[in-house]
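Following: one structure in structure tokens, then a few remarks.
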Amino acid sequence: MSTAENPGGQPPATQDAKAPVVVLAGGLSHERDVSLRSGRRVAEALRRAGHKVTESDISSDFVGVVKGIEGVVVVPQLHGGIGEDGAVREVLELLGVPFVGCSGAACRTTFDKSVAGAVVSRSGWNVPDQVALPHDIFRELGAAALVDALGERLGFPLIVKPARSGSALGTTKVNAMDELRQALVAAYAYGPVAIVEEFISGTEVAVTILVGDERTQVLPAVEIRPESGIYDYSARYTAGFTRFIVPAGLDETAARNADDLARGVVQALHLDGVLRVDMIIDDEGKAWFLEANVAPGMTETSLAPLAMQAADLDLGQLYSKLVQEAAAKGPRSKV
């Protein structure tokens, strides 16, 4: 392979060799603890699958670590912030280091919920009506007038959440006008743009999708039933706070709609690797897109591992296959 074809100067692993791996986890986002737990679990699974694995956090040493391991493949398990907004993956593209998952550009589009929702909607899929409201507009134009207008347009209940955050941090269900302003303040604690979104009543499900060289595989949908009625941070990461049903209790039509939406989101947002699409199935069986996750959690209470278990897939073997595919393709072109 010529230098032009392999700008990183790192020969891809042969089909029989197990490529060395750097699992990247931690970071400085509000989801650091979840990321570390996810990364540790993936690293242990890859070791069982026969890979030499180095676990790394984001620091000034990271570039030296990945450039110092011949034939390395990076598995990003960062959640939130620079972990899912494409920044780290664009650095890897620049360095010529292969990695598992979506490109930097795809991550950037997907991580901003207001942008992702618009892209998915333009592709013909159901997306709740929403308004993206920057904090400076909220402050300069006056909270009272904007709150009234939002309530009148979207009605109640509605959902308020940060445009660029994960794990339901800063997300609030708002049942009445007098709750809306405080919900916006809570969302702004996690970023400069809040989304105020139409509330869709129905069954919340998460669909994990595996996108590799050979095929796209949609795993059994996971139905989410939080004890509190709201799938917030505590409900997501505290054992026993949420009941999960796998496969989800959907009829044939609703299950097909969920599958179709998941595949449609992958195509619309140009996603790759291990992904999760969160959606609501309404009372008529229609599937509504909420958000997509390019680095889904892999903790003991995360949704993607539940779907993998239901599909009889081994976490280590799955990631090993994705690592080998990434190694065989080599560095990605930085467009």
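Is it fair to say G39 is modelled with pLDDT of 55 or more and either open to solvent by 60 Å² or more (accessible area, probe 1.4 Å) or of a type outside the set (S, T, Y) (or both)?
yes
If we scan region 180-188, do we find a residue that is in contact (Cβ under 8 Å) with a residue 12 or more places away in the chain and either within 30 Å of K329 (Cβ to Cβ) or in contact with a His (Cβ under 8 Å, 6 or more places away or on another chain) (or both)?
Yes - at least one qualifying residue is present in region 180-188.
Quick one: would you say A310 is open to solvent by 10 Å² or more (accessible area, probe 1.4 Å), within 28 Å of L46 (Cβ to Cβ) and of a type outside the set (K, R)?
yes
What number of residues within region 68-83 satisfy the criterion of being assigned to a helix (DSSP H, G or I) and open to solvent by 10 Å² or more (accessible area, probe 1.4 Å)?
2
Just need a number here: residues in region 285-326 that are hydrophobic (A, V, I, L, M, F, W, C), out of contact with any helix residue (DSSP H, G or I) (no Cβ under 7 Å at 6 or more places or on another chain) and either free of Cβ contacts under 8 Å to residues at least 40 places away in the same chain or not in a helix (DSSP H, G or I) (or both).
Number of matching residues: 4.
If a residue counts only when it is open to solvent by 10 Å² or more (accessible area, probe 1.4 Å) and basic (K, R), which strands (runs of 3 or more DSSP E) contained entirely in region 179-284 have at least 1 such residues?
By residue number, 222-226, 242-245, 273-281.
In region 326-335, what residues are under 22 Å from E70 (Cβ atoms) and surrounded by fewer than 18 Cβ atoms within 10 Å (Cβ to Cβ)?
Correct list: A328, K329, S333, K334.
What are the pairs with Cβ atoms under 8 angstrom where one residue, in region 199-221, is closer than 18 Å to V323 by Cα and the other, located anywhere, is crowded, with 20+ Cβ neighbours inside 10 Å and aromatic (F, W, Y)? Sequence gap at least six, or different chains.
none
Table: residues versus (1) in a loop (DSSP other than H, G, I, E, B); (2) open to solvent by 30 Å² or more (accessible area, probe 1.4 Å).
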{"residue": "G101", "(1), (2)": "yes, no"}
{"residue": "A106", "(1), (2)": "no, no"}
{"residue": "T110", "(1), (2)": "no, no"}
{"residue": "G124", "(1), (2)": "yes, yes"}
{"residue": "F138", "(1), (2)": "no, no"}
{"residue": "A145", "(1), (2)": "no, yes"}
{"residue": "A149", "(1), (2)": "no, yes"}
{"residue": "F156", "(1), (2)": "yes, yes"}
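Mind telling me which of the residues D312, D272, D251 ends up being in contact with a strand residue (DSSP E or B) (Cβ under 8 Å, 6 or more places away or on another chain) and either under 21 Å from V73 (Cβ atoms) or among the acidic types (D, E) (or both)?
Just a single option satisfies the conditions, and that option is D272.
Taking the conditions exactly as written (over 17 Å from the mean Cα position of the chain (by Cα) and outside the structural domain of A118 (by the TED database)), does L318 satisfy them or not?
Yes; evaluated as a whole, the condition is true for this residue.
Give region 158-167 a look and list any residue that's in a loop (DSSP other than H, G, I, E, B) and open to solvent by less than 20 Å² (accessible area, probe 1.4 Å), or say none.
A163, S165, G166, S167 - these are the residues of region 158-167 that are in a loop (DSSP other than H, G, I, E, B) and open to solvent by less than 20 Å² (accessible area, probe 1.4 Å).
The values are calculated or read from the model by the stated rules, or taken from the named source; none is laboratory data. This one's a predicted model, so the numbers in the text were calculated from it and none came from an experiment. Don't worry about glycine lacking a Cβ; one is built from the backbone with ideal geometry, like all the others, and counts go over all protein chains shown. Heads up: the accessible areas ignore ligands, DNA and RNA and are worked out on the full protein's heavy atoms, side chains in. Shrake-Rupley method; radii C 1.70, N 1.55, O 1.52, S 1.80 Å.
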